[in-house]
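What follows is calculated from the coordinates using simple rules that are stated; it is not laboratory data. Being a predicted model, the structure only gives us computed values, none of them experimental. Reconstructed Cβ throughout: ideal geometry from the backbone, glycine too, with neighbour counts over all protein chains shown.
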Amino acid sequence: EDQASRFTATAVVFEMKGEGKDAEKEPEPKVAEDKKIKPPRTFAGDLGISLELIHNGIVTKEVRLVNRALRNISWQRRRMGVADLLKMVKLVLKNTPYKERLVGMLEGQQQSEDVEMAPPPLPNGVAAPSSHSPSPFPFHEHHFDIIMPECEIYLGILVVTHFVDKKLTQKAVSGADLVVSRAKSYNRRSLDPLTARAYFCLSRAYELDGRLSEIREDLMAAYRTASLHHDLVGQATQLNLLLRNYLAYNLYEMALKLVSKTTFPENLRSSAQYARYLFYIGRIKAVQLEYSDAHGKLTTAIRKAPQGPKTARGFRLAATKMAIVVELLMGDIPDRSTFNQDELKKSLSAYEAIVQAVRTGDLHSFKNVMDSNEDLFKRDGTLFLIRRLQSNVIKAGLRLINLSYSRISLADVAMKLGLDSAADAEGIVGKAILDGVIEASIDHDKQYVQSKANTDVYASDEPLKAFHKRVYFCLQLHNDAVKAMQYPDEKTDDAEEAEIRRQREKEILAQAGEEEGGDDMDFF
């Protein structure tokens, strides 16, 4: 018998409906309202389905099945416990040093959890309550007679993900090193998406342990290998990990050099990896004072990120914070709707206060917000950009003064802007006049500023610039939509039934969703 069919027939026997002839003979009992009760989704059952998907994907050479299994990690990581995970590792993997190390790490965590959750001692004569019955575990060893290397790496990724979620950084680092070395020991192109996810877990584990710089050479070597093997997923993942590695240590020059010498894979369908790449490029451009280009990259990254309220929230929050600061540096004020998003409103309160200070030109308020939220801005990596906003605050204040007063003394300007002296105000006002920020003149003898008559903004080229910006955005959105369209490879048969055609369209949409790159954006 073919081994593949044997695995497929037995891997997830507990989830399949109506197996064998017995299911056809015995009618299912009717439930109230003629509705079938759907069995609850369990971690063990879902993991069995994922292993079957990986097996079938390798046998049929369908990479989308492997991608679907990787997407299941998002559900599994929220429900897997160390006990069930340990059972699966013992049951599925063969007796190898790889299995022994994974089992040892999981058993160590299980013992520590048992000690922490041990019940208090009972008085003499009182019987201890019976322990809770174990959750049903519908697997036996014969279900996994054939295990491919891809299934080994998948289980290792689950173990590392579990350690990362539990903040066990030392075990996460050890487990990630083990999984990556195991994946590198095989020479199989079918392992490429799993190897890319393993490297992502490796980078995340080292980042949490504060040793991100130690794996920089390994990431560079992995990127070269992925390029030589034409591994698009590996190239995109390793490139993003390298950029994140450089930016974590403020090595913007090295990151810029890497971007100039590499190209992001064009044929990659994972919008998650592309969104992350655009975010890193936007950060680099912002440091290089290319604010317009940086803002475009950041807004595109936000649009391409998953839009679910609980999906990739950390990524969208980080990109939104950076986009707000860059937009302020451009001289624009972010739209109020940016701060009214329910899932981001609370986290953006400090940035909303910065926007209010810049809009009103209140230098005192700006400094107070910076001092009270300095630690937050430092963690977000926006502190050095926010410090550049001081000149924007002064310019905004000068514009308001220029509109409100036809003549005002330099001493009053210094008082309103929070400057130390009238001499400082004189220099700043002179620079603003020279840059075209305000239309005014300075009387140095009498120490006052004389505002000129305000020109009609509609007579200038400002409406043209604003209209051009909006039209360019609409055209760019149209081009992106056209590029994202999918066309059939061959002409549809006119005699094909509508139901079959609709089923094929659903499969195409599902395939496009499965190739989004998994749930790794939740790690951000």
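Numbers for the structure displayed
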read-out	value
Loop trypsin sites (Lys or Arg not before Pro), the stretch 295-354, which have at most 13 other Cβ atoms in a 10 Å radius of their Cβ (DSSP)	Lys310, Lys345, Lys346
Global geometry of the stretch 218-304, whether rounded, prolate or oblate, following the gyration tensor of its Cα atoms and the 1.5 cut on a/c	oblate
Ser409 long-range amide H proximity, modeled H, under 5 Å	Val449
Extended-chain gain in nm, criterion 0.36 nm per residue less alpha-carbon gap, Asn368 and Thr60	104.7 nm
Model label zone, Gln170; criterion: amide N under 19 Å from point 7 Å along Cα-to-beta-carbon; scope the stretch 191-214	205-212
Cα-Cα over 18 Å, subset of Lys431/Lys452; Lys166/Lys346; Lys367/Lys395	Lys166/Lys346
Stretchable slack from Glu100 to Arg379, in nm (0.36 nm times residue separation minus alpha-carbon distance)	96.6 nm
Burial ranking of peptide ranges 245-255, 459-469, 188-198 (average Cβ count within 10 Å, highest at the top)	188-198, 245-255, 459-469
At R0 = 30 Å, FRET efficiency that the Cβ-Cβ distance of Lys452 and Glu343 yields, to 0.05	0.05
Vicinal HN-Hα couplings computed from phi for the stretch 460-473 (Karplus, 6.51 cos²θ - 1.76 cosθ + 1.60; Hz; Gly/Pro x)	9, 8, 5, x, 5, 5, 5, 5, 4, 4, 5, 5, 4, 5
Restraint check, Lys61/Lys304; Lys261/Lys378; Lys184/Lys483; Lys297/Lys416, Cα-Cα greater than 32 Å	Lys184/Lys483; Lys297/Lys416
Integer Hz, Karplus 6.51/-1.76/1.60 couplings in order for the stretch 272-283, x for Gly and Pro	5, 5, 5, 4, 5, 4, 5, 4, 5, 5, x, 5
Cut-off under 5 Å, modelled amide H: who pairs with Ala440 long-range	Lys452
Cα gyration tensor, the stretch 376-472 - rounded (a/c under 1.5), prolate or oblate	oblate
Distant-in-sequence amide H partners of Asp362 (H built 1.01 Å from N, under 5 Å)	none
Whole-Å semi-axes of the stretch 270-387's equivalent ellipsoid (Cα gyration tensor)	23, 16, 12
Gain in span if fully extended, Ser460 to Asn250, counting 0.36 nm per residue against the direct Cα distance	71.5 nm
